[in-house]
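Where a number appears in this text, it was derived from the coordinates with a stated rule and is not lab data. Quantities reported herein were computed from a predicted structural model and do not represent experimental measurements. Here the Cβ positions follow ideal geometry from the backbone for every residue, glycine too, while neighbour counts run over all protein chains shown.
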């Protein structure tokens, strides 16, 4: 039976890079994939996934109102695929996570969902919370804080580079808006980098 995988991390840990590499691996073996991305994240254009190292691919965009089982089933009838790859999984609804599990159970197709676990206040996203409960396999993608410890949270920064401590849960952005830090620096609200900081990976 196909499995539902949740690959989770903080910002800038290389999730999109890993998704695109997985897509390449499937296609290299002559296998078809269905790539999904939420319409909410349009940083690289609607229906587009890109990483900062230059990898990119077209994707099918969806809204929080879409039934992902129906979407996948329609596509499968047109062109059978061997895997579903989904970016920014934190933006899924509870219902959509259950629908992805149905893709595994009814279509017998594995689903690899990539996303961040918590928001800038340390609270779980709805999609991530449901995936933590429903996924068959949980895989942490690791990166580091500027102090060298494992980064497990992300701070949202204002225009002056200072941590933001209130606001809406969803605010799309990249390095100019978020920095990944360890728990100690998250609690302290520190986000300043120095010349001795270790590099971040994406």
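In this rough spin-label picture, where each label sits 7 Å from Cα along the Cβ direction, the residue 3-residue 106 distance is 2.3 nm. The share of Cα pairs per 10 Å bin across the stretch 4-140, counted from zero up to the longest distance, runs 13, 47, 36, 4, 0 percent. Peptides 24-33, 99-108 ranked from most to least packed, by the mean per-residue count of other Cβ atoms within 10 Å: 99-108, 24-33.
Mind running the shape call on the stretch 52-116? Use the C-alpha gyration tensor, a ≥ b ≥ c as the square roots of the eigenvalues: rounded below 1.5 for a/c, prolate if a/b tops b/c, oblate otherwise. Oblate shape, in that a/c is at least 1.5 and b/c is the bigger or equal ratio.
Each residue, residue 67 and residue 139, gets one label point 7 Å from its Cα in the Cβ direction; the gap between the two is 3.0 nm. Computed from the Cβ-Cβ distance with R0 of 35 Å, the FRET efficiency linking residue 31 to residue 188 stands at 0.15.
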